[in-house]
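The values are calculated or read from the model by the stated rules, or taken from the named source; none is laboratory data. Only a predicted model underlies this, so the values are computations on that prediction, with no experimental measurement involved. Here Cβ is always computed from backbone atoms with ideal geometry, including for glycine, and neighbour counts include all displayed protein chains. Accessible surface is based on the protein model in full, side chains and every heavy atom, while ligands, DNA and RNA are left aside. Shrake-Rupley method; radii C 1.70, N 1.55, O 1.52, S 1.80 Å.
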Amino acid sequence: MYSEKTVLTGIKPTGTPHLGNMVGAVKPVIELSSQAKRAYVFIADLHALNAVRDSKAINRNTYEIAATFLALGLDTTKAALFRQSDIPEVYALSTLLMNVTGKGLMNRSHAYKAVVDRNTEKGDDPDAGVNMGLFTYPTLMAADILLYNADVVPVGQDQKQHVEFARDISGSFNHIYNKQILSMPEPVIQETANAIPGLDGRKMSKSYDNYIPIFAEPGQLKKSVMRIVTDSKLPNEPKDPDTSTIFQLYQNFATADQIAFMRSSFVKGKMGYGDAKNLLLEAITVYLEKPRETYETLLAQPEKLDEILAQGAAMARISAKRTLEKVTKAMLGRSPSY
Ligand code: TRP
């Protein structure tokens, strides 16, 4: 189904990847990339800039995300893994696309509107604290997507609107310049179906501070698992596996037999939460043993990661140059001279 498609996604380097990201985003993106004709997976460092002013943090998170994708099996012979900021064409395309992007479209962006609503509620100027990076965020994202002719864009529900904006912008461009130059990307929504619960039972998320980093230190992992909130049912009371955070997490890491065993033990009132947590800890540890080794080896060699990211950028630039050339020709009647 995806064998003729170009799959693309970006991940903002604004936090250490957690198990929710792994199950809801990293693994599905790796899976989609392996089925696709071509794939682009980039660290969206330019998109972090409207909020993050700490270049060290951006770099550290970039390495963590790159190492996570590699450790969990992204095939870099097929997928270009790179830093967004390594592609000069994306800055250029973003500026060019500004001219076919309605300001009204940007006004409707959920992310921007949320800030305006918060400001208005507080009685502040509606645009207080809004920089142009935030306001034009969707235009840069459209440039990301359209530069590589992406057909399929796996994203979380919160990013669906941005992919729809990329479609709008592509449509206006193709209409105004009367050419089918830019692609019509389709969002593929990943997160909702797979969202996994965090320590407090709400969706695992950085903003709730209820997450377990994928490659947490063993001691930290144990602490996190032991912190998972449960009800106060005793070991011999029957429990509903489908509302248990422990069981829901367990399903992502254990074998079919192990999952069936925990399910029936819960239903029959034959397992307490303490034992279940130990099984979960064990399953996560086993599942991530090999990837952890790769992850740690890579993080200890940032020059190696830089090299992989530079190779990915070189791969990505082939398509980027081609698209920018076509767009510049259509808009300015000539090819860029660089
Ligand atoms: N905005 C996305 C997020 O916050 C990250 C992103 C940047 C992206 N560019 C992209 C996702 C292009 C998909 C395609 O999660």
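Amide H contacts of Asn210 (H built 1.01 Å from N, in plane; Pro and chain starts excluded): Ser205 sit under 5 Å, all sequence-distant by 5 or more or on other chains. Our summary gives segment 43-163 a relative contact order of 29 percent, counting only alpha carbon pairs under 8 angstrom and 6 or more residues apart. Global dimensions of segment 218-287 from alpha-carbon coordinates: Rg and Dmax equal 11.2, 31 Å. Helix-only arithmetic for the chain: the sum of -39500 (n - 2.57) across DSSP H runs with n ≥ 4, divided by the residue total, places the mean residue ellipticity at 222 nm at -16000 deg cm²/dmol. Partner aspartates and glutamates whose Cα lies under 18 Å from the Cα of Lys179, excluding those fewer than 8 positions away in the same chain, are identified as Asp151, Asp168, Glu325. Within the chain, what's the longest run with no trypsin sites (Lys or Arg not before Pro) in a DSSP loop and at most 16 other beta-carbon atoms within 10 Å? Give the range, please. Within the chain, the longest run free of exposed trypsin sites (Lys or Arg not before Pro) spans 109-178.
Quick note on the chain: its Rg to Rh ratio, both from C-alpha atoms and Rh being the Kirkwood radius, is 1.02. Average accessible surface for segment 218-287: 56 Å² per residue, computed with a 1.4 Å probe over protein heavy atoms with every protein chain in place. Remark: for residue pairs Lys223/Lys304; Lys5/Lys56; Lys56/Lys113; Lys203/Lys277, the C-alpha separation exceeds 27 Å in Lys223/Lys304; Lys5/Lys56; Lys56/Lys113. Annotation: amide H of Ala80 within the under-5 Å range of Ala39, Tyr40, Val41, sequence separation 5 or more or interchain, hydrogens built in the peptide plane.
What part of the accessible area of the chain, given as a whole %, is carbon or sulfur when the probe is 1.4 angstrom?
51
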